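The values are calculated or read from the model by the stated rules, or taken from the named source; none is laboratory data. Note that the structure is a prediction, hence the values are computed from the model and not measured. Neighbour counts are summed over all protein chains in view; Cβ atoms, including those assigned to glycine, are modelled from backbone coordinates with ideal geometry.
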Amino acid sequence: MAYIGVDLHTNFFTICRLETDGSEQFETFQLCANDLERFCLRLSADDELAIEATGNSAYFRDEVISCVGRIVVVNPRRRKHGIYWSSNAPVC
């Protein structure tokens, strides 16, 4: 299991992968079919993703949801809760 933060941009995304042993890995991918597939191959069914809320976060979510256990889209501008959508939880 790993916790993965995704900084999503128009044509690329950067991830920070935090393993349960505390190790971290940063990597940048292009937002294209080949790199999305390469990213999904590195994911496990029990991984959890937090995606930055942007205009293309729904597209990204749809592309990777079958590769992980949970996805949460986070709005960094919301101060109280931050989370406004989750793949398997009610809207906060």
For this session: Just one of (1) in contact with a Ser or Thr (Cβ under 6 Å, 6 or more places away or on another chain); (2) at pLDDT 95 or above; (3) surrounded by 12 or more Cβ atoms within 10 Å (Cβ to Cβ) trips up LEU8, so point out which.
Result: (2)
Exercise. Of the residues in segment 34-58, how many are more than 16 Å from GLY5 (Cβ to Cβ), at pLDDT below 95 and assigned to a helix (DSSP H, G or I)?
Worked result: 1
Problem set entry | Total residues in segment 30-47, condition under 12 Å from the mean Cα position of the chain (by Cα) and crowded, with 16+ Cβ neighbours inside 10 Å | 4
